[in-house]
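Participant: The following block contains the structure, expressed as structure tokens.
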Amino acid sequence: MQTESIKQVAYRLLDNLPEQATWDDLMYRIYVRQAIEAGLKDSDAGRTVDVKEVRKRFGLNK
């Protein structure tokens, strides 16, 4: 499987922005992309917590 380079991903992010997009719009999309990739890496590495455990830690067991 061939992965996309950062440059390719950046071009795709730019291409998908509306013409009236702002710098903030672009920065937000980059941030979201980074957050998703970090989450996927954590998941692949087994650094996750079961939903039941999260609910218990935050007192949301209802």
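Participant: Cβ-Cβ under 7 Å, sequence separation 6+ or interchain: first residue in region 11-35 and acidic (Asp, Glu), partner at pLDDT below 95. Which pairs?
Facilitator: Between residues of region 11-35 that are acidic (Asp, Glu) and residues that are at pLDDT below 95, there is no close pair.
Participant: Going by what's in this entry, would residue 4 be described as at negative phi, exposed (fewer than 11 other Cβ atoms within 10 Å of the Cβ), assigned to a loop (DSSP other than H, G, I, E, B) and at pLDDT 95 or above?
Facilitator: no
Participant: Among the residues of region 10-51, write down those that are on the phi > 0 side of the Ramachandran plot and in a helix (DSSP H, G or I).
Facilitator: Hits for region 10-51: nothing passes.
The values are calculated or read from the model by the stated rules, or taken from the named source; none is laboratory data. Note that the structure is predicted; figures quoted are calculated from it, not measured. As a convention, Cβ positions derive from the backbone with ideal geometry for all residues, glycine included, and neighbour counts pool all protein chains shown.
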